[in-house]
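Data block below; observations after.
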Amino acid sequence: MAKEVFFKNPLEGACYEEIARTEDAFSLQPSVFHNPLDDDAKVALCDPFGFIYIEGEEKPYYFMRHALIDMYRFGGIVELGDGPLDTQKTSDVDDFHQKGMITDTYRKRETPEGEEFCYGFGTEEPYSKYRLYKDHATFEEGKDILKLDAEFISDAIVDHQASFGNLPQIFFPAKWQGTYRGKKVTGIGHYAHNYQLMHKNENILASLGYISLSLMGYRPDGKLEMAFIAMDQTGTAGAWYKLEGEPLISCTEVSMEADWYHLPYVDDGTCVFIDAIFRFGGKTLHFDGKWGSKGMTKEPRIEKHGQSHIFGTWYEGDTPYDHELSFGFSENMEAYDYKLEKMGFEVKQWQRE
């Protein structure tokens with residue numbers, strides 16, 4: 001039986017809350033962060049990410065665009081491995097703008113007729129364009145690579161440094177439809193902002209030893225269900241759960257029950273969990289890891305030591321069920337065997353069935 005490890009966030013005031021998608025929520029310095037804890041935090045990173053389902057295919061693809069306020073870090077579409085310990089088959093990145101300056105930085109735009117406001121960013125060559133409105137957004141990569149019409153499907157969810165120390169966040173949950181290289185696609189995920197504290201020197205890209213999990217989907221009864229969990233190797237943690245029509249559950253105490261397994265294609269002790277149970281705020285979430293990747297690059301990013309990714313399905317409670325338009329993604333940093341064992345987990349060798 002897998003060991004259960006407990007985490008607790010000691011930061012006073014750390015929590016999650018729901019807010020309306022007003023213009024202020026999309027602004028460079030949202031008023032929700034005008035407090036001593038969040039230090040008037042300002043947008044530092046724009047991060048749309050989630051699953052894309054190609055019509056006629058069962059396995060999802062992972063889409064992400066990782067953009068600092070003035071510079072792209074990376075972006076593309078990842079074709080996930082067939083199993084939980086497999087690397088990605090490939091990633092569609094060559095035609096996407098990778099690391100480089102953003103010629104059109106995130107800022108307020110001229111508001112089109114019929115809209116309350118507009119924000120966005122993009123590049124001229126290679127082309128990309130992201131535009132955000134009150135109830136929807138458009139994501140474009142290349143002139144004919146990826147075009148998504150996104151619909152925001154929930155209030156925004158604010159993270160007052162409950163997930164990661166010194167890193168306020170706002171999640172804008174969304175579902176989308178459009179085309180990817182001429183094929184019809186649907187999908188679900190987040191458009192998210194990370195924020196830089198204004199009077200402190202912590203770098204939001206500093207290497208952290210964390211375990212994070214993003215979960216979304218529509219239950220059989222049609223209700224949207226979402227969760228986000230983050231745990232730091234120092235023992236801190238935060239998690240939220242949202243079921244459509246019910247209040248947000250915010251918690252800074254989380255337990256994780258899972259075994260960890262060595263990645264079979266590296267020799268540096270990097271591990272990943274496959275199946276896991278998370279408990280917080282009276283909720284029990286089951287994650288079933290199905291597909292692997294090593295980085296968001298065309299070839300496995302073997303040189304990124306300690307990093308692992310797992311994608312899969314999930315459900316809440318004791319009775320399994322399938323989500324429609326599901327999303328499940330975990331990223332782990334500094335996930336070395338000796339560090340995980342020190343935290344209380346057990347590390348094993350995976351035996352294929």
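What does the helix-only formula give at 222 nm for the chain: each DSSP H stretch with n ≥ 4 adding -39500 (n - 2.57), the total divided by the residues, and the result rounded to the nearest 500 deg cm²/dmol?
Working: 2 runs with 11 residues, N = 353.
Mean residue ellipticity, 222 nm, calculated: -500 deg cm²/dmol.
For His199 and Lys183 in one chain, what is 0.36 nm times their gap in residues minus the Cα-Cα distance, to one decimal in nm?
Between His199 and Lys183, full extension yields 1.1 nm more.
Report ³J(HN,Hα) in whole Hz for each residue of segment 85-97, in order, from the Karplus equation J = 6.51 cos²θ - 1.76 cosθ + 1.60 where θ = phi - 60°; Gly and Pro get x.
10, 8, 7, 4, 5, 5, 9, 8, 10, 4, 9, 8, 5
Listed here are the pairs Lys42/Lys283; Lys59/Lys175; Lys134/Lys242; Lys8/Lys242; Lys59/Lys183; Lys129/Lys298; which of them are more than 25 Å apart at the Cα? Before the final figure, lay out each step's value.
Numbers: Lys42/Lys283 32 Å; Lys59/Lys175 17 Å; Lys134/Lys242 20 Å; Lys8/Lys242 20 Å; Lys59/Lys183 15 Å; Lys129/Lys298 22 Å.
Long pairs (Cα-Cα over 25 Å): Lys42/Lys283.
Under the 0.36 nm per residue contour assumption, what length would be gained going from the current alpha-carbon distance of Glu55 and Tyr338 to full extension?
Working: separation 283, 0.36 × 283 = 101.88 nm, distance 4.24 nm.
Value of the extension gain: 97.6 nm.
For a test of the definition: using alpha carbon positions, the gyration tensor, and the 1.5 limit on a/c, classify segment 62-217 as rounded, prolate or oblate. The partial results should precede the final answer.
Working: a/c = 1.33, a/b = 1.06, b/c = 1.26.
Because its axes are fairly even, with a/c under 1.5, segment 62-217 counts as rounded.
Please tell me the relative contact order of segment 239-309 in percent, rounded to the nearest whole number, where contacts are Cα pairs under 8 Å and at least six residues apart.
Values: 106 pairs, mean separation 16.9, N = 71.
For segment 239-309, the relative contact order is 24 percent.
What percent does the relative contact order of the chain come to when contacts are Cα pairs within less than 8 Å and at least six residues apart?
On the way: 962 pairs, mean separation 66.5, N = 353.
Normalised by residue count, the contact order of the chain is 19 percent.
Would you mind telling me which residue in Ile277, Ile310, Ile188 has the biggest mean-square fluctuation in a Gaussian network model of the chain, where springs connect alpha carbons within a distance under 10 angstrom?
Ile277
Using a Gaussian network model of the chain with C-alpha springs under 10 Å, which one of Asp70, Asp221, Asp95 is most mobile by mean-square fluctuation?
Looking only at Asp70, Asp221, Asp95, the biggest GNM fluctuation is shown by Asp221.
What shape does segment 1-130 have by the C-alpha gyration tensor, where a ≥ b ≥ c are the square roots of the eigenvalues, rounded means a/c under 1.5, and otherwise prolate means a/b greater than b/c and oblate the rest? Write out the running numbers ahead of the final one.
On the way: a/c = 1.96, a/b = 1.10, b/c = 1.77.
It comes out oblate by the Cα gyration axes.
Skipping prolines and chain starts, which residues have an amide H placed within reach, meaning under 5 Å, of the one on Ile310, given they are 5 or more residues away or on another chain?
For Ile310, the qualifying residues are Ser330.
Which one, Glu257, Glu57, Glu299, has the greatest fluctuation when you compute a Gaussian network model over the chain with C-alpha springs under 10 angstrom?
Its mean-square fluctuation being the largest, the pick is Glu57.
What is the local net charge at Glu346, summed over the other residues whose Cβ is closer than 14 Å to its Cβ (Lys, Arg +1; Asp, Glu -1)?
Details: positive: Lys3, Lys339, Lys342, Lys348; negative: Glu4, Glu257, Asp259, Asp275, Asp337, Glu341.
Around Glu346, the charge tally is -2.
Could you calculate the FRET efficiency of Met101 with Gln29 from 1/(1 + (r/R0)^6), where r is the beta carbon distance between them and R0 is 22 Å, rounded to 0.05? Intermediate values should be presented prior to the final figure.
On the way: r = 22 Å, r/R0 = 1.01.
Given R0 = 22 Å and the Cβ-Cβ separation, E is 0.50.
So how do 223-231, 22-30 stack up, highest first, on mean other-Cβ count within 10 Å? Can you show the working numbers first?
Working: 223-231: 22.3, 22-30: 17.2.
Output ranking for 223-231, 22-30: 223-231, 22-30.
Quick note: the coordinates plus some simple rules give every number you see, no bench work behind them. As the structure is a prediction and not an experimental result, all values here were calculated from the model. No Cβ is skipped: glycine too gets one built from the backbone with ideal geometry, and neighbour counts run over all protein chains shown.
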